[in-house]
Amino acid sequence: MTTATIPGRFVELHIIQPVPYANLNRDDTNSVKTVAWGGADRTRVSSQCWKRAIRLHLQQSLGQDALRTRRLAEYLAEHLENERGWPAELAERAV
């Protein structure tokens with residue numbers, strides 16, 4: 001019996017969501033982020049802005065702090081050291 005292989009696939013979505021005019025986020029020069037789309041300059045909302053809004057919504061809904069992925073190692077090392085009694089050096093190396 002032969003097994004057919006299915007090629008890997010991924011889906012890339014480009015979603016345009018209408019947002020009432022608001023300065024949701026700004027660049028490093030404090031200018032509103034914009035993009036030329038459809039022959040007009042439009043306000044752009046970065047993915048980081050959406051992620052932060054979702055994270056804050058989850059915090060309010062769940063009643064507990066949400067953790068940014070990039071801070072996971074720091075949190076885990078602290079947990080191993082303080083909650084599990086691991087030596088600090090070992091906890092840092094483990095993560």
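If the only charges are +1 at each Lys and Arg Cβ and -1 at each Asp and Glu Cβ, what is the size of the charge dipole of the chain around the Cα centre, to the nearest 20 debye?
460 debye
Using alpha carbons only, how many degrees (0 to 90, rounded to 10) separate the axis of helix 47-62 from the longest principal axis of the chain?
60 degrees
Per DSSP H run of n ≥ 4, the term is -39500 (n - 2.57); total these for the chain, divide by its residue number, and report the mean residue ellipticity at 222 nm rounded to 500 deg cm²/dmol.
-11000 deg cm²/dmol
Keeping the other protein chains in place, figure out the carbon and sulfur percent of the accessible area of segment 16-95, with a 1.4 Å probe.
50 percent
Considering the values (1) 18.1; (2) 16.5; (3) 14.3, which represents Kirkwood radius over Cα pairs in Å as calculated for the structure under consideration?
Working out Kirkwood radius over Cα pairs in Å from the coordinates points to (1).
The values are calculated or read from the model by the stated rules, or taken from the named source; none is laboratory data. As the structure is a prediction and not an experimental result, all values here were calculated from the model. Cβ coordinates were reconstructed from backbone atoms using ideal geometry, including for glycine residues, and neighbour counts include every protein chain displayed. We work out accessible area using only protein heavy atoms, side chains counted, and drop any ligands, DNA or RNA first. Shrake-Rupley method; radii C 1.70, N 1.55, O 1.52, S 1.80 Å.
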